[in-house]
Amino acid sequence: MKRPRFLFALALAVGFGLPLAPGYSQKKTESVLIMGALIADGTGAPLYKGNVRVALSHIVGIGELQPEPGEPTIDAKGLVLAPGFIDIHSHSEETLPKDLAAETQVSQGITTLIVGADGDSPWPVLHWIRLMQDHPAAVNVGVFAGHATIREQVLGDDFKRASTGPEIRQMEQRISQAMNQGALGLSSGLEYEVGSYAGTDELVALAKVAAREGGIYMTHIRDEADKSFEALNEEIAIGERAHIPVEHSHIKLGTVGVQGKAAEYIKIIEEARKRGVDILADCYPYDAWHANLKVVVPDKQYENPKSVATALASYGGGSHLTITEFSPNPSYAGHTIADLAKANKISEVEMYIRLIREGDAAQTEAVIIGQSMLESDIKAFYQQPWVMVASDGGVGSEHPRGAGTFPRVLGVYVRERHWLTLPEAVRKMTSLPAQRLGWKDRGIIREGTFADLVLLNPDTVIDRSTYANPTALATGIEKVFVNGMLVWDAGKPTGARPGFVIGRKGVALEVSN
Ligand SMILES: [Zn+2]
């Protein structure tokens, strides 16, 4: 409950007593007392009642605190106060700089976005870091170095092969450079075009460099379909051989052949964890994925009718695959491959091949949503203590997970279905991702931690985004603080942009020149 004296003196000097709302504007030097909230402290401990004082960017007191003379207060009775949510898998590297308010994220209670997932990252990462330092967002950010991004630089267009020893050395240098610039680790996307040609040894070599610098390995594994188990074993081997903490991105069992096998999948991860492999995973709360058309055909024989037929069947047929974006023919958006085949009086296989050809001619690929996961597998994954919540969406996402993930877990999986307790769900959104990133002073409500905070209504919090309207804002998130500044209040952004670029130590990276 101690409170640095200088803060109070400073606060008196600038003057207290501003009403909080409406028209509340908070100066950096003021403290605020949040009163009467039920605190979900991020550790998974039961909720408890208390007052929390925020000053400058930190939590400076918790307990039965009383307001200082003239100190602004927030009446939080009936609300839950949680640490700000950390989205460890956000596809916002391009969209956030154009939309610094990030309303679809802040309205969910997200206070930190981690970008550079699935092997694709800004490059050099330093340029992106500087961009976000020069133009801060409403939320904090952190960035991974992408394996495919690095691989493409070294191999150029000739990436459809294994790399040579000298090429691996060059890639090692680049990952080392990115780590020095502030990257959080190495990300890979081994189901995608460039990353898929990398052998395990290449990944181990690069992961070792990230490990040496204190980074982690975050991976979209080689297969989330029929070969999910082989891909999982490769991921564990990489973690074990490179001695690096592993984040398994968007854990799922995505085809008919592996559906319902969550228990087996979990057992393999549990056994690895018992051997000392530090592997955690994240999961989004939807039974449909979002990717490019080519991921559907694992043998890459995109125009081979037999391969395509097998692939479509593994997802339950073309009716499970909906186009969301296709620039050569925008009218396809919103339709399934089955619908398009019917309309064109051709088979689903022929329709798939037509989409591939039209896309290749225009040097693009259709973006699709595939509905092929089982709720029972999602439930089993979420009930593991090592599985956290992450969106795999982001600013401007075409999948409802971009705007709905966190409130959906709280509203549907906690309140309606009782899959998780509220404190445990909050832990999966806060201290667990912070632990994965090695951040000690975020993701937890404790005196001295950063004041990234969410005040939410546990009775009403819910996602509103849908496949038809993927950016509809969630409700029930009442207030959001980032580094002590109010960025979301009563359903609206405040306009504040206090977000830091955070490095491996969990604090703002220094602004470099
Ligand atoms: Zn991915």
For the chain, the longest principal axis of the Cα atoms and the Cα long axis of helix 165-181 enclose an angle in degrees, to the nearest 10, of 20
Stretched fully, the stretch from Thr310 through Glu64 gains (0.36 nm per residue minus C-alpha distance, one decimal, in nm) 82.2 nm
Taking a crude spin-label model, label points 7 Å out from Cα along the C-beta direction, the Asn233 to Gln363 distance in nm is 4.0
Report, ordered by chain and residue number, the aspartates and glutamates lying within cross-link reach of Lys306, taken as a straight Cα distance under 17 Å and ignoring same-chain residues fewer than 8 apart.
-> Asp226, Glu348, Glu350
Which pairs in the list Lys160/Lys294; Lys267/Lys379; Lys274/Lys379; Lys49/Lys505; Lys208/Lys440 are over 26 Å apart, alpha-carbon to alpha-carbon?
-> Lys49/Lys505
Mind pulling the angle between the C-alpha long axis of helix 305-314 and the longest principal axis of the chain? Nearest 10 degrees, somewhere in 0 to 90.
-> 40
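Only Cα pairs under 8 Å and at least 6 apart count here; give the relative contact order of region 248-290 as a rounded whole percent. Walk me through the numbers before you get to the answer.
Numbers: 22 pairs, mean separation 24.4, N = 43.
It rounds to 57 percent for region 248-290.
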Which of Ala138, Asn233, Gly316 sits closest to the plus end of the dipole of the chain, meaning its Cα is farthest towards the positive end, when Lys and Arg get +1 and Asp and Glu get -1 on the C-beta?
-> Ala138
Near Lys479, which aspartates and glutamates are there with a Cα under 13 Å away, not counting those fewer than 8 places off in the same chain?
-> Asp75, Glu103, Asp452, Asp489
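How do 104-111, 51-58 rank on mean C-beta neighbours within 10 Å, highest first? Mind showing how you got there, number by number?
On the way: 104-111: 29.1, 51-58: 21.8.
Final packing ranking: 104-111, 51-58.
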Based on the mean of other Cβ atoms within 10 Å per residue, sort peptides 267-278, 74-85 so the most packed one is first.
-> 74-85, 267-278
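Starting from region 431-513, pick out the GluC sites (Glu not before Pro) whose DSSP state is loop and whose Cβ has at most 10 other Cβ atoms within 10 Å.
On the way: sites: Glu447, Glu478, Glu510; in loops: Glu447, Glu510.
Here the sparse-neighbourhood loop sites are Glu510.
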Filtered hits (aspartates and glutamates, Cα-Cα < 15 Å from Lys77, offset >= 8 within chain) -> Glu64, Asp459, Glu478
In this structure, the FRET efficiency calculated for Glu213 and Lys345 from their beta-carbon separation, with R0 = 45 Å, to the nearest 0.05, is 0.20
Cleavage-rule hits (GluC sites (Glu not before Pro)) in region 34-107: DSSP loop, at most 11 neighbouring Cβ within 10 angstrom | Glu64
Once amide H atoms are built 1.01 Å from N in the peptide plane, which residues 5 or more positions from Ala366, or in another chain, come under 5 Å H to H?
-> Leu293
What order, most packed first, do the peptides 246-257, 122-133 have when packing is the mean number of other Cβ atoms within 10 Å of each residue?
-> 246-257, 122-133
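No lab work stands behind these numbers, since they all come straight from the coordinates. In this text, all values refer to a predicted model and were calculated from it rather than measured experimentally. When we count neighbours, we look across all protein chains shown, and the Cβ atoms used for this are built from the backbone with ideal geometry, even at glycine.
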